[in-house]
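Have a look at the structure below before the remarks.
The values are calculated or read from the model by the stated rules, or taken from the named source; none is laboratory data. Just so we're clear, the structure is a prediction, and the values are computed from it rather than from any experiment. Here the Cβ is made from the backbone with ideal geometry for all residues, glycine too, and neighbour counts use every protein chain on show. Each accessible area value is taken on the protein alone, full model and side chains, heavy atoms only, with ligands, DNA and RNA left out. Shrake-Rupley method; radii C 1.70, N 1.55, O 1.52, S 1.80 Å.
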Amino acid sequence: MSLDPFYLLQDGRRATLKNVHTWVWMNSSQWTTLTPRVEVGPVWVQATIAPHTIIIDPNDGATAQKSCAGPGTPVPAGTPMDEPSPTCSVQFTQETDGGSWNVTVQVAYSVTWTGFDGTSTVGGTLPDLVSAPATIPIAVLTAKPELIDPNSD
């Protein structure tokens, strides 16, 4: 999973900015459909497990959980920080005051299956599967402008 903007703090933590659209996306190598198949003699079953939604829980006590259809969109170079992702972004409404939020990200998958039971073709749809949560500690900072006198030493 990728986030942008994110900054690497001196202590090694990732950080983003309060009220800025933090884009979220999965790399294409992680967003793939799986088709496992099992055969025993003439009996077989094949499942199609396809990712369809990213679920983000900021865990900051104020920002709502967000669900995004699809893998999200990487940030194109030169994109302004106030522009939301066309597919998946979250705005943190609380700063962490020196700590971090344990943001969790999960992926929901649709599952269909087909097979042959020895006499006829069978198949169906199973309830969505949701991945175990991946936890990402994020510090949320407030950007504060500072005026600098170009004539001072």
- Using the C-alpha gyration tensor of the chain, what are the square roots of 5 times its eigenvalues, in whole angstrom, with the largest one first? 44, 15, 12
- Item | Stretchable slack from R37 to S2, in nm (0.36 nm times residue separation minus alpha-carbon distance) | 9.5 nm
- Message: I need the calculated FRET efficiency for the pair S28 and T93, taking r as the beta carbon distance and R₀ as 25 Å, to the nearest 0.05.
- Response: 0.25
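Considering only protein heavy atoms and a probe of 1.4 Å, how much of the accessible area of the stretch 9-96 is carbon and sulfur, as a whole percent?
53 percent
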- Query: For the stretch 85-153 and the stretch 23-81, what is the separation of their C-alpha centers, rounded to whole Å?
  - Reply: 9 Å
- Let me know the Rg and Dmax you get for the stretch 1-65 when you use only its Cα atoms, in Å. 19.0, 60
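Expected output is a single nm value to one decimal: the length gained when fully extending between I148 and A47, i.e. 0.36 nm times separation in residues minus the C-alpha distance. What is it?
Values: separation 101, 0.36 × 101 = 36.36 nm, distance 6.15 nm.
The I148-A47 span can extend by a further 30.2 nm.
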- Query: Local charge sum around P5 (other residues, Cβ-Cβ under 12 Å, Lys/Arg +1, Asp/Glu -1)?
  - Reply: -1
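Based on the alpha-carbon set only, what is the convex hull volume of the stretch 70-149 divided per residue, in Å³?
Hull volume over Cα atoms, normalised by residue count, gives 156 Å³.
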- Message: Rolling a 1.4 Å sphere over the protein heavy atoms, what is the accessible area per residue of the stretch 10-153, to the nearest Å²?
- Response: 61 Å²
- Query: What residue among P80, P58, P133 has the largest mean-square fluctuation in a Gaussian network model of the chain, using Cα springs under 10 Å?
  - Reply: P80
